[in-house]
Amino acid sequence: MTFDTPDGPVHAVTDVDLTIEKGTTVGLVGESGCGKSTLGRAILRLLPENARISGTVRFDGIDLSSRSPKEMRDLRGRNIAMIFQDPMTRLNPLMRIRDHFIETIQAHDPNVRPEAAVKRALKVLADVRVPADRMNMYPHELSGGMRQRIMIALCLLFKPALLIADEPTTALDVILEAQILQLLQSIMHEYDMAVLLITHNLGLVAEFADRVAVMYAGRIAEEGATVPLFREPYHPYTQGLLRSVIDLDTTKLYSVPGAPPSLLGESVGCPFYPRCEKRMAVCEAVFPEIRLVGEDHRRVACHLY
Amino acid sequence: MAGSSASLRAYVITRVLLMVPMLLILLTFTFLLLRVAPGDPVSAIYGEKGNPQVIDQIKRELGLYDPLYVQYFTYLRGVFTGNMGTSIVSSKPVIQEIQDRMPATLELTISSMIVASVFGIGLGTFAGTRRDRPTDFGTRIFASMAYNIPIFWFGLILKLIFGLWLGWLPVSGRFSPRLNLPPRFTGMYTVDTLLSGDLRGFADAVAHLILPSLTLGIVLSGFFIRITRVNVIQSMGSDFVEAARARGIPERSVFFRHALKNALVPVITTMGLTFALLFSGAILTETVFSFEGMGRFVFYAISYRDYPAIQGAVVYYGILMVVISLLIDIVNAFVDPRIRY
Amino acid sequence: MAGGDARGRATILGRFVGRPAGRLFAHFLRESRTAAGIIVWIGIGIVLAIIVMAIFAPFLAPFDPNTKVADPETPPGGRFVMGVDRSGQDVLSRIIWGARVPLAIIAVATTISLAIGLPIGLLSGFVGGRLDRILVLVMDSIYAFPGLLLAIVIAAIIGRGILNISVAIAIIYIPTYFRVIRNHVAAVKQEPYVEAAIALGMPRRRVIIRYVLPNVAQSIPVIFSVNAADSVLTEAGLTFLGLGLPPGIPDWGFDISLNWQRFEASWWATFYPGLFILILTTALTFVGEGLNDILNPLLRKKDFKAKVEA
């Protein structure tokens, strides 16, 4: 997926092949600017006008790129839902919470009457543990945690098969984060949703994701089942990431030296080349295709394997 | 709207109460300014030709030689009793001049505001949604030019084209002299003719109002176009708009209910500020179209140092300003729930 | 940074003006190939053309603007490209000579406004406290007052004349400079790097000049051009109402006030002066808006990159 900019094409996401099984959680990790949020939005076709998408997104067997805008619109919120990073700005300040729900329900089921819609909304609110009296309030009257729950509730209205969570707790404090995550987990079980968890927080991924995909410079560096990947990372970048994580035993802080490359224009070779400890001559010249490594069929894009 | 109407009411009451001290300050300030400034009404009228003794006598009669504090209290008392003296220039009671003229300016102001906002907000929204495309560009250039048109010149051109060359619209005054004036309910001919069922009179009053309103309205719309455009662009890119789209809300609702509504909130706020511009413009427009309103009156008064008239005009203006800012604040509080708390 | 006081004031000024101005100018040249840039150049071009016209008036004008050269109200044509007004004077010549007054007024009025509004705004925003509150109150009261009305009042008090009008206009505009600068300063003051500088013991005046002023300076050109355009319009308005200039000096606004009642008979005498007022003010606005567009993308680019990186 590429953005057309006045300075040239920016390749935000390249050659990503990702599968999310029903009812499972796939974590998408990487540093800022690696393309993970863009990928999340690309699934829902929520990108700005200057975005060029190529490739297919298959949902439940159907290719989404063949869907008309109208069909796509209906899909959003009904079959695939998305929760965003910053809850403070994601609700319309001029609309009551109740109206947000009525609007969303009627957008997909126009024949539902407001009273019925409110009833449905209250059920969902109960699931996210938001008191019913919040319905008549305006967003600015509510705390961040409350707003995030409401956002989640709005997503759950139609029991979507896929939930894309873009940094759902990054803007929240640690206590709230724990609450929201607990909530998400119970919902995932109850609703049997597949979740794409986009985050830069490895701890989250370790705890909640069944599989993990590590992104770097718009491409997938490594992808596989969570536990084996964390226990034994193959790609040098993943290794670097995991080494950077601090725990109680850490005495020295480690970080991967250097900075991510610019996504502007064409590039050759492995994008991680300048920062890789284990780089070889071939890495600079040829891009490493994804290959299957090990018994657990880990996918890695690295010449080492 | 549980809860909000109570706080809204409290808000309004507070603001109304604040009107009084604000007005007092304004009045005192005007009084001092006038007394400090060189020149006085009598000399202004008679110039150097007058007989100094006669001038002196008239001044004495008007109380211009009384100690300052006496003049001040006479003045204040006059304001509160509604007797603001007699205009030195026109010899009519000031209060009557105001009563005669205020409705005219009110009509002009309101209709100009309607023209400016409908045209300005409409075009601004149009431009905002087509950002950086040729139509946006063209609209912005138009807005830049519109705001810079000399109002009186524009009025003259409209007069020439629509009044004289095409003959479609009348070019001066408020009402055709051939028709009978409507009975006075509000003093505004458009309203009064409607209320008394005089449709022909109504059409005539409206016709007289069109060109002046267009003059002021189009010039002012330049301002609205810019403000609206910027806010629409910003609003379209905001987070809650993205979130609404992600929930599958149809684009049309996203635009009107989410983006546009929020974009208009700051625009409405600025509407209040534009009344000051309207008033300035009204002075010029009323002159060009011989529309006898307060704008014209204020100008006469200041030029001739007509103290009672000026003071009356200031009272009028002060009250108007305060009332308008109050109205705008109320509208704001109504439109934006965040303000009420 | 640093640079000892030993180097003297001249260098501080040079460094302040030189480097940021140089960077800005380079960016300006680069951006000017865009649509916004073209607008600025058109605006600058027109303003320069008018300045040239004003300066070389004695050579450019075909006739003396104050003498009767033909029958009054002769329509345009032949020797009188823009016709003749009701006093028998050539409109074109009056247009050419008439450019001087608006330009002079712009020069004087904006200088005064800037010279007073800028320092007071800086001071008020930076110092804060009671002084700030009082100043804001005073300035807001003046600001809320309708411009033309205030100008009329002041003109009525101090009388007619170019300098007097300029002063009146300057007074109207001081609050605008004050407000924008003051708000900007108050915002910048919160920035961590200013806090750090003060914590490190930098004298306040230094902080203002080296940190606050360059930041704030980018909003000045825009206000300036709005101010300039408005000065011309206010002056024209005042003169139209009879309060601006004494008769005898060619001026676009004055010509309109002289001829407008004969508009049906000799529309050219009123049309052309007004047209030129429009041209000048629009050009000034173009410069201002274009500058705004060019200076602002510096901020906008940051937002755009953030979106791509997510």
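Screening the range A:11-50 for residues that are more than 10 Å from every other protein chain (Cβ to nearest Cβ) and among the small types (Gly, Ala, Ser) and picking the one that is surrounded by the most Cβ atoms within 10 Å (Cβ to Cβ) gives A:Gly27.
Please indicate, with yes or no, whether at least one residue in the range A:143-155 is among the hydroxyl-bearing types (Ser, Thr, Tyr) and in contact with a Pro (Cβ under 7 Å, 6 or more places away or on another chain).
Our first condition is that a residue be among the hydroxyl-bearing types (Ser, Thr, Tyr); within the range A:143-155, this holds for A:143.
Those left that are additionally in contact with a Pro (Cβ under 7 Å, 6 or more places away or on another chain): none.
For the range A:143-155, residues among the hydroxyl-bearing types (Ser, Thr, Tyr) and in contact with a Pro (Cβ under 7 Å, 6 or more places away or on another chain): absent.
For the range C:261-294, filtering for residues that are closer than 13 Å to C:Ile95 by Cβ, within 8 Å of chain B (Cβ to nearest Cβ), of a type in the set (A, V, I, L, M, F, W, C) and in contact (Cβ under 8 Å) with a residue 12 or more places away in the chain leaves 1. The residue that is farthest from the other protein chains (Cβ to nearest Cβ), counting only those in the range C:212-246 that are β-branched (Val, Ile, Thr) and in contact with a Ser or Thr (Cβ under 9 Å, 6 or more places away or on another chain), is C:Ile223.
Contact annotation: residue pairs with Cβ atoms under 8 Å, 6 or more positions apart or on different chains, pairing a residue in the range A:80-102 that is facing chain B (nearest Cβ under 8 Å) and surrounded by fewer than 22 Cβ atoms within 10 Å (Cβ to Cβ) with a partner that is of a type outside the set (S, T, N, Q) and assigned to a loop (DSSP other than H, G, I, E, B), are A:Asp86/A:Ala171; A:Pro93/A:Tyr138; A:Pro93/B:Asp336; A:Leu94/A:Tyr138; A:Leu94/B:Asp336; A:Met95/A:Tyr138.
Within the range B:197-237, track down each residue that is surrounded by fewer than 19 Cβ atoms within 10 Å (Cβ to Cβ) and either among the charged types (D, E, K, R) or under 25 Å from B:Val171 (Cα atoms) (or both). Result: B:Gly197, B:Leu199, B:Arg200, B:Ala203, B:Val206, B:Ala207, B:Ile210.
Just give me the residues in the range B:170-196 being more than 11 Å from chain C (Cβ to nearest Cβ), assigned to a loop (DSSP other than H, G, I, E, B) and either of a type in the set (Gly, Ala, Ser) or buried (at least 17 other Cβ atoms within 10 Å of the Cβ) (or both), in sequence order.
Keep residues of the range B:170-196 that are more than 11 Å from chain C (Cβ to nearest Cβ), which gives B:170, B:172-196.
Checking which are assigned to a loop (DSSP other than H, G, I, E, B) leaves us with B:170, B:172-188, B:196.
Correct list: B:Pro170, B:Ser172, B:Gly173, B:Arg174, B:Phe175, B:Ser176, B:Pro182, B:Gly187, B:Met188, B:Ser196.
Filter the range B:304-319 down to the residues that are touching a residue at least 40 places away in the same chain (Cβ under 8 Å) and under 15 Å from the mean Cα position of the chain (by Cα) and list them by number. The answer is B:Ala313, B:Val314, B:Val315, B:Tyr316, B:Gly318, B:Ile319.
Here is a yes/no grid of residues against (1) modelled with pLDDT under 70; (2) in contact with a Phe, Trp or Tyr (Cβ under 9 Å, 6 or more places away or on another chain); (3) closer than 22 Å to B:Gly318 by Cα:
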{"position": "B:Leu32", "(1), (2), (3)": "no, yes, yes"}
{"position": "B:Pro52", "(1), (2), (3)": "no, no, no"}
{"position": "B:Gly63", "(1), (2), (3)": "yes, no, no"}
{"position": "B:Tyr75", "(1), (2), (3)": "no, yes, yes"}
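Go through the range C:74-112 residue by residue and tally those that are among the hydroxyl-bearing types (Ser, Thr, Tyr) and either under 15 Å from the mean Cα position of the chain (by Cα) or closer than 20 Å to C:Leu280 by Cβ (or both).
As a first pass, look at the range C:74-112 and keep what is among the hydroxyl-bearing types (Ser, Thr, Tyr): C:74, C:87, C:93, C:110-111.
Subsequent filtering for residues that are either under 15 Å from the mean Cα position of the chain (by Cα) or closer than 20 Å to C:Leu280 by Cβ (or both) retains C:93, C:110-111.
Summing the residues that are among the hydroxyl-bearing types (Ser, Thr, Tyr) and either under 15 Å from the mean Cα position of the chain (by Cα) or closer than 20 Å to C:Leu280 by Cβ (or both) in the range C:74-112 gives 3.
Checking each residue in the range A:273-294 for being without any contact (Cβ under 8 Å) to a residue 24 or more places away in the chain, within 27 Å of the chain's Cα centre (by Cα) and part of a loop (DSSP other than H, G, I, E, B) picks out A:Phe287, A:Pro288, A:Glu289. The helices (runs of 4 or more DSSP H) found entirely in the range A:85-163 that carry 1 or more residues being under 16 Å from B:Val241 (Cα atoms) are A:97-108, A:144-156.
Given the options C:Gly248, C:Gly290, name the one that is modelled with pLDDT under 80 and assigned to a helix (DSSP H, G or I).
On the way: C:Gly248 fails: assigned to a helix (DSSP H, G or I).
Answer to the selection: C:Gly290.
Among the residues of the range B:158-167, the one identified as out of contact with any helix residue (DSSP H, G or I) (no Cβ under 7 Å at 6 or more places or on another chain) and at the interface with chain C (Cβ under 7 Å from one of its Cβ atoms) is B:Leu164.
Within the range B:320-341, the only residue that satisfies the criterion of being of a type in the set (S, T, N, Q) and more than 18 Å from the chain's Cα centre (by Cα) is B:Asn332.
Once the range C:247-257 is narrowed to residues that are more than 7 Å from chain B (Cβ to nearest Cβ) and over 12 Å from C:Pro65 (Cβ atoms), the residue that is surrounded by the most Cβ atoms within 10 Å (Cβ to Cβ) is C:Gly253. For the range C:116-131, the criterion of being within 30 Å of B:Ile310 (Cβ to Cβ) and aliphatic (A, V, I, L, M) is met by at least one residue. Of the residues in the range B:145-157, none is more than 10 Å from every other protein chain (Cβ to nearest Cβ), free of Cβ contacts under 8 Å to residues at least 12 places away in the same chain and either assigned to a helix (DSSP H, G or I) or farther than 24 Å from B:Glu292 by Cβ (or both).
The values are calculated or read from the model by the stated rules, or taken from the named source; none is laboratory data. Computed from a predicted model, the values in this text were never measured in an experiment. Cβ coordinates were reconstructed from backbone atoms using ideal geometry, including for glycine residues, and neighbour counts include every protein chain displayed.
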